[in-house]
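**Q** First, the structure itself, so that you have it in front of you.
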């Protein structure tokens, strides 16, 4: 897991392809327009966006992109990044597990679907964006609320 300003240290994140979770924080309620899909009401709390990075540059390039607030948004989550703080990133190199992670995070106590279909237009998942009113899910003693063999903590290189 990479937290806050550490996300800017792209060298700690592998260039391998893989799956990631952005943990975003919203401090106040606001309506955000998401491209052509319309607006969504962001409430104060934590937002978990599950994605994959199997294009050029892998995890490092995709997470570096999401660490910045895009001037011209490309992905749906880019619109949210303009109004949220990036608290942490979880990732797993070499694995396509976004659907399993979306099911696990979406099934966690307190998870709310923000916008059906957001980030999941190319799969059967209901959504890849979930909201939690509180940060309890971040501090349960487990790094990711799903099966995580092979996931690494970039701060120390240890498996989590």
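The values are calculated or read from the model by the stated rules, or taken from the named source; none is laboratory data. Only a predicted model underlies this, so the values are computations on that prediction, with no experimental measurement involved. Every residue, glycine among them, receives a Cβ derived from its backbone with ideal geometry; neighbour counts consider all protein chains shown.
**Q** Residues in the stretch 126-137 that are part of a loop (DSSP other than H, G, I, E, B) and either modelled with pLDDT under 70 or over 15 Å from the mean Cα position of the chain (by Cα) (or both): how many?
**A** Total meeting the criteria: 4.
**Q** Taking the stretch 70-110, which residues are surrounded by 15 or more Cβ atoms within 10 Å (Cβ to Cβ), in a loop (DSSP other than H, G, I, E, B) and without any contact (Cβ under 8 Å) to a residue 60 or more places away in the chain?
**A** 73, 75, 83, 108 - these are the residues of the stretch 70-110 that are surrounded by 15 or more Cβ atoms within 10 Å (Cβ to Cβ), in a loop (DSSP other than H, G, I, E, B) and without any contact (Cβ under 8 Å) to a residue 60 or more places away in the chain.
**Q** Where in the stretch 5-52 are there strands (runs of 3 or more DSSP E), lying fully within it, with 3 or more residues that are modelled with pLDDT of 90 or more and under 16 Å from residue 66 (Cβ atoms)?
**A** The qualifying strands (runs of 3 or more DSSP E) are 18-26.
**Q** While we're on this one: In the stretch 38-54, what residues are within 11 Å of residue 79 (Cα to Cα) and surrounded by 13 or more Cβ atoms within 10 Å (Cβ to Cβ)?
**A** 40 - this is the single residue of the stretch 38-54 that is within 11 Å of residue 79 (Cα to Cα) and surrounded by 13 or more Cβ atoms within 10 Å (Cβ to Cβ).
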